[in-house]
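The values are calculated or read from the model by the stated rules, or taken from the named source; none is laboratory data. The shown structure was predicted, so the numbers you read here are calculated from the model rather than taken from an experiment. So basically every Cβ, Gly included, is an ideal-geometry build from the backbone, and we count neighbours across all protein chains shown.
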Amino acid sequence: MKDTSTKGKSERDFPHKSPSPQFFERRTYNRRVSDRKIFYKSNAKKITILIPCHNEERGIGKVIDGVPVRQLSRLGLTTEIIVVDNDCSDGTDRIARKKGVKVVSEKKKGKGNAIRTGFKSVSGDTDYVVMLDGDNTYKSEEIPRLIEPLENNFCDVILGSRLEGRTKHYSLSLSHRLVNWSLTFFIRRFYLVNTTDTCTGYFAWKKKVIDDLAPHLKSDGFAIEVEMVTKMARLGYHIYSVPITYDKREGESKLSPCLDGIKIMLMLVRNLAWRP
């Protein structure tokens, strides 16, 4: 009499039978993982994240740690983080290097100088560029929110808007809100830019915008953000805003409200006549 026992045999010994759910699930999962790896390898896009810093040792580590590398990877996006050391005299560069990110140096003080150096450091294989401050006021966890409209070809540039977003711990005073509202009205009225926060430090661009914009930038200080917005408008790029979280900064502010406010207003007026 023949032994009909199936003990010790696998599904492969019975090709005419349907595999068990556990066996089928395991094979399907392995195949999907393989397909996903192939897709990422051949179709992955790259984001370069720029973080200009001047003495931001209290916040830079949190900003770097907050970058959602795994989430971006699942979306088919690779990341490179570049910290621009703008003549720091604290431990900003040491902390950044310890985190394993690229650090470039710009000895001339001023946010505009740091940003232009950052733009020069962006590699040619980059598809999107994101910029945020190193003081942890802007949340790097929200980078996917800024990238999504660019990925869908909705626009060329995204500004992170504090005024239509969520501000924490009285991080944006009433006086700053009033000034920003006034400047934003000016930009919307005379430059026809559909933004709700002119003085934000949270940007996302398609790489082609940076290539086109960078040679035209002249500001060495905080007027750089307004210069970028106005000149991108004159270059014909589509600019929109998304709401973001804005928190109380880590460390001391480097902004001089009166002096920098005057420079920003002069930049707005001067660029009305600017053409590429």
Exercise. Mind checking which pairs have a first residue in segment 149-161 that is without any contact (Cβ under 8 Å) to a residue 12 or more places away in the chain and surrounded by 16 or more Cβ atoms within 10 Å (Cβ to Cβ) and a second that is not in a strand (DSSP E or B) and not β-branched (Val, Ile, Thr), Cβ under 8 Å, 6 or more apart or different chains?
Worked result: none
Problem set entry | Top-ranked residue of segment 31-54 - restricted to ones that are at pLDDT 95 or above and surrounded by fewer than 21 Cβ atoms within 10 Å (Cβ to Cβ), ranked as nearest to GLY134 (Cα to Cα) | LYS46
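Regarding ARG188, is this residue without any contact (Cβ under 8 Å) to a residue 12 or more places away in the chain and surrounded by 13 or more Cβ atoms within 10 Å (Cβ to Cβ)?
Answer is yes for this residue.
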Exercise. Only one residue in LYS248, LYS231, LYS218, LYS208 is at pLDDT 90 or above and not in a helix (DSSP H, G or I). Which one?
Worked result: LYS218
Exercise. Does CYS155 count as assigned to a loop (DSSP other than H, G, I, E, B) and under 24 Å from ASP260 (Cα atoms)?
Worked result: no
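If you check THR195 against the conditions, is it modelled with pLDDT under 95, more than 26 Å from ASP127 (Cα to Cα) and surrounded by 19 or more Cβ atoms within 10 Å (Cβ to Cβ)? Outline the logic, then answer.
On the way: modelled with pLDDT under 95: yes; more than 26 Å from ASP127 (Cα to Cα): no; surrounded by 19 or more Cβ atoms within 10 Å (Cβ to Cβ): yes.
Answer is no for this residue.
Conditions (1) among the hydroxyl-bearing types (Ser, Thr, Tyr); (2) touching a residue at least 24 places away in the same chain (Cβ under 8 Å), marked per residue:
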residue: GLU164; (1), (2): no, yes
residue: LEU174; (1), (2): no, no
residue: VAL179; (1), (2): no, yes
residue: THR200; (1), (2): yes, yes
For this session: Enumerate the pairs (first residue in segment 227-242 and within 14 Å of ASP211 (Cβ to Cβ); second residue anywhere and surrounded by fewer than 17 Cβ atoms within 10 Å (Cβ to Cβ)) with beta-carbon separation below 6 Å, excluding pairs fewer than 6 apart on the same chain, so at least 6 apart or on different chains.
Result: LYS231/HIS216; LEU235/PRO276
